[in-house]
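In what follows, a single structure is set out as structure tokens and then discussed.
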Amino acid sequence: MIGSNLVKRLVREGHDVYVVDNLWRGKLEYLNDDEGKPVIDLDTHFFNYDLSQPNVADEIVENVDYVVHLADIVAGIDYVFSNQGDLFRQNNLINTNLFHSVRKAGKDKIKGLLYVGTACSFPLTRQNSLEVIPLKEEELFPALPESAYGWSKLMGQLEVGFIEKECGIPCCTLMFHNVYGSPCDYGERSQVIPALIRKAVNYPDEPFNVWGSGQQGRAFIHVNDIVDAICMALEKGWGHGWIQIGPSVCTSIKEIAETVVKISGKDIDIYYDTTKPEGDKARSADYSKAKAILGWEPKVKLEDGLKEQYQWIKNHIEAGK
């Protein structure tokens, strides 16, 4: 979702973009323009590599100016909490292997390394209450993420810091809150918004079950706002440490579910399954650092973004994709 939209933006702006992806979640068709043609030359600019394997990115990294590291293993809450050990291992391998390629290329080759972290890395103690006080970057330590995913992304942030200090390569870490939009995975590994949209599209053939009480909340941010932040960071984000990207508003899953039902136009019975995990209770972002340094703030209204994603998923389900 993020990578494909970013590639299209960078190509439109005249950049020469190389992509590495093992297609665990992504699809090559997501790199197509409105006419169905790839926006990059897939024969020369796309590499189906598994970054958890050592040295695979060496040659590519040596021939680029900037590295934007979006790759990780992530999925919905069920997958994350059912595969913590493997997810932690894979993400650490992906990070350290790519960072080693950057180190070997050195500051004479690499003008900047942009790493994407996550709000899941903030301490559980700041996310275990429905009383929401926006998170600040300086609260990241002492560290206590709830999930192995949060820990693995935090390890990446630390390694980026070592690269910047020891190699002199300009670095930036953007900590994303809950990103939504299209294209997206809406199957069994999907995250909450695409999963709820899929259930609404399929209803009544698929029950509209919401995991948890629905009171838990997140700071949802549309992929277009995320791409804006990355592009701004490539210009102005170097040397400023960690920068949160997300809204100051925490939206409950109950509100998301009700909005999806409204968009669907169907008479849907919502069932809250309190036997299922909820994850962190609530969080939102104090994005004042992003505004001050990058000039960034969220623009896409939540309901507008949900309508766009609903239509995209509906179209793909009806087309049998």
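The values are calculated or read from the model by the stated rules, or taken from the named source; none is laboratory data. Note that this is a predicted model, so its numbers are computed, not measured. For neighbour counting, all protein chains shown are included, and Cβ atoms are generated from backbone atoms with ideal geometry for every residue, glycine included. Calculation scope for accessible area: heavy atoms of the full protein, side chains included, ligands and nucleic acids excluded. Shrake-Rupley method; radii C 1.70, N 1.55, O 1.52, S 1.80 Å.
I'm trying to understand the selection: among the residues of the stretch 147-159, which are within 24 Å of S284 (Cβ to Cβ) and either in a helix (DSSP H, G or I) or open to solvent by 30 Å² or more (accessible area, probe 1.4 Å) (or both)?
Result: A148, Y149, G150, W151, S152, K153, L154, G156, Q157.
Could you count how many residues in the stretch 170-213 are on the phi > 0 side of the Ramachandran plot and modelled with pLDDT under 95?
Adding up the residues that qualify gives 1.
Just to be sure, is D65 farther than 19 Å from M232 by Cα and among the acidic types (D, E)?
Taking the combined requirement at face value, the residue does not satisfy it.
Given the stretch 52-146, what helices (runs of 4 or more DSSP H) lie entirely inside it while holding 2 or more residues that are open to solvent by 50 Å² or more (accessible area, probe 1.4 Å) and either touching a strand residue (DSSP E or B) at 6+ places or on another chain (Cβ under 7 Å) or modelled with pLDDT of 95 or more (or both)?
84-105
Any chance you could count how many residues in the stretch 38-51 are outside any strand (DSSP E or B) and touching a Leu at 6+ places or on another chain (Cβ under 9 Å)?
5
Would a scan of the stretch 1-16 turn up a residue that is touching a residue at least 40 places away in the same chain (Cβ under 8 Å), among the polar types (S, T, N, Q) and not in a loop (DSSP other than H, G, I, E, B)?
There is at least one residue in the stretch 1-16 that is touching a residue at least 40 places away in the same chain (Cβ under 8 Å), among the polar types (S, T, N, Q) and not in a loop (DSSP other than H, G, I, E, B).
Among K262, K266, K307, K281, which is open to solvent by 60 Å² or more (accessible area, probe 1.4 Å), under 22 Å from Q216 (Cβ atoms) and touching a residue at least 40 places away in the same chain (Cβ under 8 Å)?
K281
Can G168 be described as open to solvent by 30 Å² or more (accessible area, probe 1.4 Å), closer than 30 Å to K111 by Cβ and in contact with a Lys or Arg (Cβ under 6 Å, 6 or more places away or on another chain)?
Here the answer is yes, as G168 does meet what is asked.
For the stretch 173-189, what are the residues that are β-branched (V, I, T) and under 10 Å from the mean Cα position of the chain (by Cα)?
Within the stretch 173-189, V179 is the sole residue that qualifies.
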